[in-house]
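Working notes, structure below.
Each reported figure results from applying straightforward, stated rules to the coordinates on display, with no laboratory input. This one's a predicted model, so the numbers in the text were calculated from it and none came from an experiment. Glycine also receives a Cβ, built like all others from the backbone with ideal geometry; neighbour counts cover every protein chain displayed.
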Amino acid sequence: MTAVKIVKVLGTSEESWQDAAEEAFRQANKTIDDISGIEIEDWTANVENDEIVEYHATAEVAFPVHDGEV
């Protein structure tokens with residue numbers, strides 16, 4: 001049986017929500033080994049002068065717990 005750890009990561013982009021989600025994954029992948037999946041929990045954005053200026057994607061990143069980890 002494998003235990004899985006889940007952490008939340010916020011990705012941001014000036015381009016799109018998809019780019020924000022991909023940024024969350026890219027940043028998490030720098031420090032987390034063996035990512036097995038991500039779930040986008042929330043999509044939000046900052047608005048200024050009637051325009052979206054920054055997209056946010058909150059992602060839950062799942063990865064296996066290896067021996068010796070908590």
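For the chain, give the magnitude of the charge dipole about the Cα centre (Cβ charges: +1 Lys/Arg, -1 Asp/Glu; no others), in debye to the nearest 20.
On the way: 4 positive and 17 negative charges, 83 e Å.
My answer is approximately 400 debye.
Connecting C-alpha atoms closer than 10 Å in a GNM of the chain, tell me which of Ala59, Ala24, Ala45 has the biggest fluctuation.
Most flexible of the set in this elastic network: Ala45.
Provide the packing ranking of 15-22, 34-41, i.e. peptides ordered by the mean count of other C-beta atoms within 10 Å per residue, highest first. All intermediate terms of the calculation are to be shown ahead of the outcome.
Details: 15-22: 16.5, 34-41: 12.8.
The most tightly packed comes first, giving 15-22, 34-41.
From the residues Val65, Val47, Ile6, which one has its Cα farthest along the dipole of the chain in the positive direction, the dipole being from +1 and -1 charges on Cβ of Lys/Arg and Asp/Glu about the Cα centre?
Farthest along the dipole direction, towards plus: Val65.
What list of ³J(HN,Hα) values in whole Hz, one per residue of segment 14-24 in order, does the Karplus curve 6.51 cos²θ - 1.76 cosθ + 1.60 (θ = phi - 60°) give from phi, with Gly and Pro shown as x?
Whole-Hz 3J(HN,Hα) from phi for segment 14-24: 8, 9, 6, 5, 4, 5, 5, 5, 5, 5, 4.
For the pair Ile40 and Val53, how long in nm is the line joining their label points, each one 7 Å along Cα→Cβ?
Distance between label points: 2.3 nm.
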